């Protein structure tokens with residue numbers, strides 16, 4: 001099988017020739033730039049600066065040579081702009097605080113505050129307040145909340161809608177160019193069009209806007225899911241209309257180039273509980289997810305990808321009812337997320353994309369043998385009858401020992417009999 005055939009077979013809940021593997025195709029299955037460099041060294045690949053493809057989490061681009069060395073079956077078709085609102089173009093050299101030489105967009109502009117923290121700016125505009133901060137000892141950016149005062153009695157949904165706009169002609173040309181590059185790819189293509197993430201808490205503060213209005217404070221937003229549902233419905237309803245129109249326009253140039261569409265990263269689980277009840281999910285979020293998934297499944301060949309960290313086992317049947325084909329990252333360390341239980345209950349109705357190894361403890365702090373053991377155990381549970389794409393639980397983080405990452409990949413090869 002080609003990589004594309006392997007992933008498609010897996011998504012159809014049929015057994016592929018071997019496990020499909022994803023790293024680097026989405027902002028939640030990526031690899032930190034430090035790990036990309038170490039993996040390139042391990043596999044003896046050409047030494048060159050790593051490109052920062054996703055600056056918020058400082059994820060590195062997985063180029064073709066590394067993709068082949070790691071045995072990855074996927075490739076990304078990213079949105080035109082990053083989470084900080086600028087395009088990755090006209091690359092320039094940047095030395096990270098940890099002394100790694102990187103390539104970043106010409107719009108990746110930073111300053112330092114008095115404490116030495118690195119500040120980054122929306123759309124690269126250093127004349128406006130920064131929207132991200134990397135602490136002195138950090139390896140990625142945290143969002144800076146820039147909540148303006150709002151009048152509780154005169155909330156305007158338009159203030160929380162300013163980022164949702166029709167795709168521009170420039171964006172369409174971007175997607176068309178990307179489609180031409182990837183049309184003949186033998187890898188499964190995972191795309192992102194944007195605007196379909198209802199209430200994604202990484203996007204609510206709008207690090208891509210210079211002067212965001214509306215409710216942008218994370219705490220205030222979560223309060224709104226309980227006390228201002230009518231306001232959120234007005235936002236989501238209009239957002240959904242724009243998203244579907246954008247999907248229609250993007251589909252005219254992408255057609256079946258995309259195999260999978262990343263829909264959203266809205267988290268519903270914590271390590272031990274959830275951010276809302278399943279009833280709130282059904283009334284506040286599900287109507288819009290259903291509309292988006294319905295349009296995609298009726299008009300395209302794309303499968304849909306739902307990311308949600310944490311203890312989300314109670315939500316999985318609701319994700320399925322909404323029409324999602326894939327759930328990620330399958331955080332098995334969270335309460336109620338026992339791998340065997342998940343596979344037994346839902347393995348024939350949704351694809352588990354992730355869950356292959358714990359990135360909180362085992363991968364960063366275990367031994368290579370402990371990594372191997374856990375990977376093999378997870379593969380034995382999740383792999384039968386398809387419906388499982390191997391990935392770690394969320395991104396590979398900075399300071400993860402390269403020997404553990406290699407042990408993970410080698411364990412997958414061992415399971416595949418390679």
*Please verify whether segment 347-354 includes one or more residues that are in a helix (DSSP H, G or I) and surrounded by fewer than 21 Cβ atoms within 10 Å (Cβ to Cβ).*
no
_Subset of segment 71-101 [more than 21 Å from residue 134 (Cα to Cα) and either out of contact with any helix residue (DSSP H, G or I) (no Cβ under 6 Å at 6 or more places or on another chain) or in a loop (DSSP other than H, G, I, E, B) (or both)]_ = 71, 72, 73, 74, 75, 76, 78, 79, 80, 89, 90
_Candidate set: segment 121-143, residues that are loosely packed, with under 15 Cβ neighbours inside 10 Å and part of a loop (DSSP other than H, G, I, E, B); chosen: the one farthest from the chain's Cα centre (by Cα)_ = 127
*Considering only residues that are over 18 Å from the mean Cα position of the chain (by Cα) and either modelled with pLDDT under 95 or not in a helix (DSSP H, G or I) (or both), look in segment 278-321 and name the one that is surrounded by the most Cβ atoms within 10 Å (Cβ to Cβ).*
300
*Quick one: in segment 355-369, of everything that is surrounded by fewer than 24 Cβ atoms within 10 Å (Cβ to Cβ) and touching a helix residue (DSSP H, G or I) at 6+ places or on another chain (Cβ under 6 Å), which residue is nearest to residue 325 (Cα to Cα)?*
362
*Only one residue in 373, 399 is surrounded by fewer than 21 Cβ atoms within 10 Å (Cβ to Cβ), farther than 27 Å from residue 302 by Cα and within 22 Å of the chain's Cα centre (by Cα), so which one is that?*
399
_For segment 37-44, check the following and say yes or no: at least one residue is in contact with a strand residue (DSSP E or B) (Cβ under 8 Å, 6 or more places away or on another chain) and either in a loop (DSSP other than H, G, I, E, B) or free of Cβ contacts under 8 Å to residues at least 24 places away in the same chain (or both)._
no
*Looking at (1) exposed (fewer than 15 other Cβ atoms within 10 Å of the Cβ); (2) over 19 Å from the mean Cα position of the chain (by Cα), can you tell me which one residue 271 breaks?*
(2)
_Restricting to segment 111-120, count the residues that are crowded, with 18+ Cβ neighbours inside 10 Å and within 27 Å of residue 48 (Cβ to Cβ)._
2
*For segment 213-228, which residues satisfy the criterion of being surrounded by 19 or more Cβ atoms within 10 Å (Cβ to Cβ), in a helix (DSSP H, G or I) and either without any contact (Cβ under 8 Å) to a residue 12 or more places away in the chain or in contact with a helix residue (DSSP H, G or I) (Cβ under 6 Å, 6 or more places away or on another chain) (or both)?*
224
*Are any residues in segment 166-184 outside any helix (DSSP H, G or I) and touching a helix residue (DSSP H, G or I) at 6+ places or on another chain (Cβ under 7 Å), and if so, which ones?*
166, 167
*Restricted to segment 200-212, and to residues that are in contact with a helix residue (DSSP H, G or I) (Cβ under 7 Å, 6 or more places away or on another chain) and surrounded by fewer than 17 Cβ atoms within 10 Å (Cβ to Cβ), which residue is nearest to residue 166 (Cα to Cα)?*
210
*Which condition number does residue 232 fail, the rest of (1) under 30 Å from residue 134 (Cβ atoms); (2) crowded, with 17+ Cβ neighbours inside 10 Å being met?*
(1)
_Take the residues in segment 188-199 that are within 21 Å of residue 167 (Cβ to Cβ) and not in a loop (DSSP other than H, G, I, E, B); name whichever of them is farthest from the chain's Cα centre (by Cα)._
189
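The values are calculated or read from the model by the stated rules, or taken from the named source; none is laboratory data. Bear in mind the structure is a predicted one, so any value in this text is a computation, not a measurement. Cβ sites come from the backbone with ideal geometry, for glycine too, and all protein chains shown count toward neighbours.
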